[in-house]
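Input: a single structure, listed below in structure tokens.
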Amino acid sequence: MALVAPLGIRRIEALHYYVRDLERSRHFYTEKLDFAEVGRSGVELVEGGRQQALVFEAGACRVVCSSPVGEGGRAERFLKKHPDGIGSIVFEVDDVERAFSLLEGRGGTPIHEVRTSVGTNGRLDTFLIATPFGDTTFRFVARRGDFPLYPGFERYDAPRDERNAAGFTSFDHVTANFETMTPALLWLEHVLGFERFWHVEFHTDDVARVDEHGSGLKSVVMWDKASGVKFANNEPHRPNFKESQINVFHEEHRGDGVQHVALGVSDIARAVRELRARGVEFMPTPKTYYAALPLRLEKLGVGSLVEPLAELEELEILVDGDGPGRYLLQIFLKDSAGTHKSPDAGPFFYENIQRHGDEGFGAGNFRALFESIEREQRAGAKS
């Protein structure tokens, strides 16, 4: 039960992604993910903020990509410390003044006062706060009337290449990695007013390669009950803390931060086929995962799926569930460094997720997938 009043969050409106190569990002979002390009930075942002930016949208998902222009801007400062990554998350709220007052009263750290921008047909109120998510900030916005995008941006008269062939709907959840997550959990609870929603602890041996020890993680999901906004928060789990994928992210990102964001879809099989046809690469799933899947689903009590198991295996889509008819389907894109063949592109990645009544986070897939990898590795070592 939340101990503090909710902030009036409506949704995650946008991700602000700092990148070194803006044209590479344009190619990825428009050619690979089939987002529409809907706007760009104006002179004010380029000269005053020392960054150039492009805005992409698909469904209710908006991604702003910014690259430095010279020195001294926020994008340049972020990229001096980190590879490409999420520098800010934008929340739409009912009332910015109220959200500001509540956050400051609970010990939040605003970076500036509420700022109001007035346009021809509306206004936008906004402010920014520091967070325990490394160098990722949170921005809160509220509009009155029609105020497209953000101050310093220009929206095109018509979107460019608007299709959204994969059928992205909205941001399902954000996942962040920490060396120690308790400060972030307490901040989410006592400052933002989130509640605990779900948790899992996981560890296995021989998860990565047959010549290494296993690794593990602890994960706690916090949510804003009114809006349904969810944050999954991970930390490494001993033994072999240093080998944990969470610690590896920390080293590659050079600090705590956002590991991945899940994009909701209404038909994941269609989405994966469409994205693969566009050259999008996904993290592979071993065949042994699907050999064990019927028994797993039986133990979970899920029953029959709408989607044929053969199709899920063909597309390497993961399945987890929680009772009769309640299940989710998920697949993870290759991380940015692998996608762009450059370490400076960073370890961030996207997930695609389709929910059939299951609001969980694929706890069974952690263990099932890792154990499948382990079996495949051992079979390879014997052959």
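The values are calculated or read from the model by the stated rules, or taken from the named source; none is laboratory data. Keep in mind the model is a prediction, meaning the values are calculated, not measured. When we count neighbours, we look across all protein chains shown, and the Cβ atoms used for this are built from the backbone with ideal geometry, even at glycine. Just the protein is used for accessible areas: all its heavy atoms, side chains included, with ligands, DNA and RNA removed. Shrake-Rupley method; radii C 1.70, N 1.55, O 1.52, S 1.80 Å.
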Subject >> Phi to ³J(HN,Hα) by Karplus 6.51 cos²θ - 1.76 cosθ + 1.60 over the range 165-176, Hz, x for Gly, Pro >> reply: 4, 7, x, 5, 10, 7, 6, 7, 6, 10, 10, 10
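Nearest 20 debye, what's the magnitude of the dipole of the chain about its Cα centre given +1 on Lys and Arg Cβ and -1 on Asp and Glu Cβ? Intermediate results must be reported in sequence, preceding the final value.
Details: 46 positive and 59 negative charges, 40 e Å.
In debye, rounded to 20, the chain gives about 200.
State the antiparallel share, in %, of DSSP beta bridges confined to the range 254-357, rounding to the nearest 5.
Working: 10 of 16 bridges.
Antiparallel bridges: around 60 percent, rounded to the nearest 5.
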Original post:
Taking a temperature of 4 °C and a viscosity of 1.567 mPa s, what whole-number D in µm²/s does Stokes-Einstein yield for the range 49-158 with Rh from Kirkwood over alpha carbon pairs?
Top reply: 85
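Using a 1.4 angstrom probe on heavy atoms only, work out the carbon and sulfur share of the accessible area of the range 83-140 in %. Before the final figure, lay out the partial values.
On the way: 990 of 2300 Å².
Percent of accessible area from carbon and sulfur atoms in the range 83-140: 43.
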Original post:
Which value, in Å to one decimal place, does the Kirkwood hydrodynamic radius take for the range 291-358 when every pair of different Cα atoms is included?
Top reply: 13.4
**OP:** Enter the mean projected area of the convex hull around the alpha-carbon atoms of the chain, in nm², rounded to one decimal.
**Re:** 19.2
Subject >> log₁₀ of I(q)/I(0) at q = 0.20 Å⁻¹ - the range 14-89, Debye sum with one point per alpha carbon >> reply: -0.80
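Is there a pair in K32/K230; K230/K334; K81/K341; K218/K287; K218/K334; K80/K287 whose C-alpha atoms are over 30 Å apart, and which pairs would that be? All intermediate terms of the calculation are to be shown ahead of the outcome.
On the way: K32/K230 26 Å; K230/K334 22 Å; K81/K341 20 Å; K218/K287 26 Å; K218/K334 22 Å; K80/K287 41 Å.
Flagged as over cut-off: K80/K287.
Tell me the per residue accessible area of the chain using a 1.4 Å probe; a whole number in Å² is fine. Mind showing how you got there, number by number?
Details: 16610 Å² over 383 residues.
I get 43 Å² per residue for this part.
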Subject >> Crossing angle, helix 363-382 versus the chain [Cα axis fit, 0-90 degrees, rounded to tens] >> reply: 50
Original post:
Build a GNM of the chain with springs between Cα atoms under 10 Å: which of L305, L328, L275 gets the top mean-square fluctuation?
Top reply: L305
Subject >> Separation of alpha-carbon centers, the range 277-298 and the range 99-149, rounded to whole Å >> reply: 41
